[in-house]
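Rule-based calculations on the coordinates, nothing more; no lab input. What you see is a predicted model; the values in this text were computed from it and never measured. With ideal geometry, Cβ positions are generated from the backbone for all residues, glycine too; neighbour counts draw on all protein chains shown.
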Amino acid sequence: MFVDSHCHLADEAFLADLPDVAARAREAGVGQAVCILSADTPEEHAQVAAVQTAWPGVIFATAVHPHRAGAYADRVGDAVSAVRDTAMRVGARLLGEMGLDYHYDFAPRTVQQEVFAAQITLAVELDLPVAIHTREAAGDTFRILEEAGAGRVRGVMHCFTGTALEARRALDLGFYLSIPGIVTFPKAGALRDVVAGLPLERILVETDSPYLAPVPHRGKRNEPAFLSETVRQVATLHALPVEVMAGQIQANFDRLLGAPRVDTPSKPVF
Ligand SMILES: [Zn+2]
Ligand SMILES: [Zn+2]
């Protein structure tokens, strides 16, 4: 079975056909998925019940995305409250995605940094792993994570497309690297070289759907069912059978999440 460590099933792109998307994912062998829920987007919150109904195995993650950080200048506490409240309500097993985006710069960089750092502190307090979004901001992203302290904050670099040096810094922090469908793109030779050198026990994969569809679906709306293309590519790079790579990724994912929280409903025992 495959596990999609990052997708946006509550996005409006899936409003019309969520049950079909979930059914195709199951048919494609994707047994689990992390649904990223924007902590301060009511339209996404309204989709939570529909996501759970369509795909009961979905795990939620929530945070304030760096694109939305600008709303919290001088009131970072409100961002933290939104994340805390949403995480409790949906039983989030991760906090994410959070981080820095200097490519789009939708929010002032200093505000992005404050909102990011505050959410890291919350994750440490709640003892939850984080999913990090970083774009053209590696220096500040690693500085903030390193200031929080290696070993205190744990998590995954989502949509990892960085250099070998950036991979090394993430690995030194104890982080996992989640590889997106970009690794299948013809021009992604440099990324394939980096992925080939990663330790097997730190690799995750993701679709980031509805964005970034892998080859041969490129240009279409992405969905969790397309994850197999990415697993296949990563398996090839490590010269492993797909099933072996998938089993390794599942074990990595389970290790990232750690033991189920005590408030997780358990199956009846006979
Ligand atoms: Zn992202
Ligand atoms: Zn995302």
Practice item. Divide by every residue of the chain the summed helix terms, -39500 (n - 2.57) for each DSSP H run of at least 4, and state the resulting mean residue ellipticity at 222 nm, rounded to the nearest 500 deg cm²/dmol. Key: -12000 deg cm²/dmol
Review point. From the residues Gly247, Ala46, Thr161, which one has its Cα farthest along the dipole of the chain in the positive direction, the dipole being from +1 and -1 charges on Cβ of Lys/Arg and Asp/Glu about the Cα centre?
Key: Gly247
**Study point:** Cα centroid separation, segment 14-77 to segment 144-185 (Å)
**Key:** 22 Å
Exercise for review: Could you tell me whether segment 114-270 comes out rounded, prolate or oblate from its Cα gyration tensor? Rule is a ≥ b ≥ c as square roots of the eigenvalues, rounded for a/c under 1.5, then prolate if a/b exceeds b/c, otherwise oblate.
Suggested key: oblate
Review point. Dipole magnitude of segment 2-257 about its Cα centre, charges +1 at Lys/Arg Cβ and -1 at Asp/Glu Cβ only, in debye to the nearest 20?
Key: 520 debye
Study note, to complete from the structure: The local net charge around His65, scoring Lys/Arg +1 and Asp/Glu -1 for residues other than His65 whose Cβ lies under 13 Å from its Cβ, equals -4
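For segment 143-250, what does the relative contact order come out to in percent, with C-alpha contacts under 8 Å and a separation of six or more?
Values: 161 pairs, mean separation 23.8, N = 108.
Dividing the mean separation by the residue count of segment 143-250 yields 22 percent.
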Practice item. Counting only trypsin sites (Lys or Arg not before Pro) that are in a DSSP loop and have at most 15 other C-beta atoms within 10 Å, tell me the longest site-free stretch of the chain. Key: 76-151
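Give me the tail of P(r) for the chain as a percent: Cα-Cα pairs with distance above 34 Å.
Working: 4416 of 36315 pairs.
Value for the chain: 12 percent of Cα pairs lie more than 34 Å apart.
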Study note, to complete from the structure: For the chain the mean separation of alpha carbon contacts under 8 Å (6+ apart) over residue count, i.e. relative contact order in percent, is 20 percent
Review point. Given H placed on each backbone N at 1.01 Å, which residues far from Gln47 in sequence or on other chains put an amide H within less than 5 Å of it?
Key: none
Review point. Considering only the chain, what is the antiparallel percent among its DSSP beta bridges, to the nearest 5?
Key: 0 percent
Practice item. Determine how many Å³ per residue the convex hull of the Cα atoms of segment 134-186 encloses. Key: 70 Å³
Exercise for review: Can you tell me the relative contact order of segment 1-140? Whole percent, Cα pairs under 8 Å, sequence separation 6 or more.
Suggested key: 22 percent
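Going by the alpha-carbon gyration tensor, a ≥ b ≥ c the square roots of its eigenvalues, is segment 1-64 rounded (a/c under 1.5) or, if a/c is not under 1.5, prolate (a/b greater than b/c) versus oblate? Working shown, then result.
Working: a/c = 2.24, a/b = 1.45, b/c = 1.55.
The shape class here is oblate.
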Check your understanding: Can you give the charge dipole size of segment 27-106 about its Cα centre, rounded to the nearest 20 debye, using +1 on the beta carbon of Lys and Arg and -1 on the beta carbon of Asp and Glu?
Key -> 300 debye
